[in-house]
Amino acid sequence: SQQGEEDPQALSIQEGENATMNCSYKTSINNLQWYRQNSGRGLVHLILIRSNEREKHSGRLRVTLDTSKKSSSLLITASRAADTASYFCATSSGGSNYKLTFGKGTLLTVNP
Amino acid sequence: SAVISQKPSRDICQRGTSLTIQCQVDSQVTMMFWYRQQPGQSLTLIATANQGSEATYESGFVIDKFPISRPNLTFSTLTVSNMSPEDSSIYLCSVPGSRGGGGTQETQYFGPGTRLLVL
């Protein structure tokens, strides 16, 4: 079964606005990560949050994790046109931190 | 962070043929991963390639269809055999991050991907 499910599937905002994407998962996790993919190219790691953490910041990114609801959110503040990309959450669980299960992704479009 | 290159970047192939995708890393790594991303979909792990041992395949993927080689610690190949249009996807390789390199071992660095279209 799909571990990570992002919503919304697509999001369109204006430059300067904030963008929030959500991810839900089904099983207990070791950590949850967010990746960005530009135009069907390789993925770039954005941020990792461990199961014992609730919130993490990196620049304009803020990630929260609610293990009781099995959900995470990614907030991008003051968005830019260059933030236009697909965003995926990925989880690792069980005995392996290396095996990632990706969600379906959110396509974010930031209009100038 | 690791620098990863893939060849070819894209290809158009006829059904029934095979394509070998190369993945080169600029540093030695024990584990390399191969993913498939079907059109408009997420990434699915095909297999984990360890140097000196057989690749470990995920459910739904078999060695006859996706043979993998790992001749050394910086290189791996994935072959997509006897292709059909359903194999049209982006194929990506990745390696774990490393402590002190701006990431952690739980994160992964990805290659730019190989976009495959099977007619």
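The values are calculated or read from the model by the stated rules, or taken from the named source; none is laboratory data. Predicted model, so just to flag it, every value in this text is computed and none were measured. Positions of Cβ are backbone-derived with ideal geometry, glycine not excepted, and every protein chain shown enters the neighbour counts. Areas reflect the complete protein model, heavy atoms only, side chains present, ligands, DNA and RNA absent. Shrake-Rupley method; radii C 1.70, N 1.55, O 1.52, S 1.80 Å.
Selection of strands (runs of 3 or more DSSP E) fully inside region B:28-107 by the criterion of at least 3 residues being surrounded by fewer than 16 Cβ atoms within 10 Å (Cβ to Cβ) returns B:68-72. Among the residues of region B:48-95, count how many are out of contact with any Ser or Thr (no Cβ under 6 Å at 6 or more places or on another chain), within 14 Å of another protein chain (Cβ to nearest Cβ), within 25 Å of A:G105 (Cα to Cα) and of a type outside the set (D, E). Of the residues in region B:48-95, 11 are out of contact with any Ser or Thr (no Cβ under 6 Å at 6 or more places or on another chain), within 14 Å of another protein chain (Cβ to nearest Cβ), within 25 Å of A:G105 (Cα to Cα) and of a type outside the set (D, E). Considering only residues in region A:36-52 that are within 13 Å of chain B (Cβ to nearest Cβ) and farther than 23 Å from A:N111 by Cβ, the one that is most open to solvent (accessible area, probe 1.4 Å) turns out to be A:R50. Of everything in region A:16-29 that is over 15 Å from A:E55 (Cα atoms) and of a type in the set (S, T, N, Q), the residue that is least open to solvent (accessible area, probe 1.4 Å) is A:S24. Taken across region A:103-111, residues that are in contact with a Phe, Trp or Tyr (Cβ under 9 Å, 6 or more places away or on another chain) and more than 13 Å from chain B (Cβ to nearest Cβ) do occur, with at least one present.
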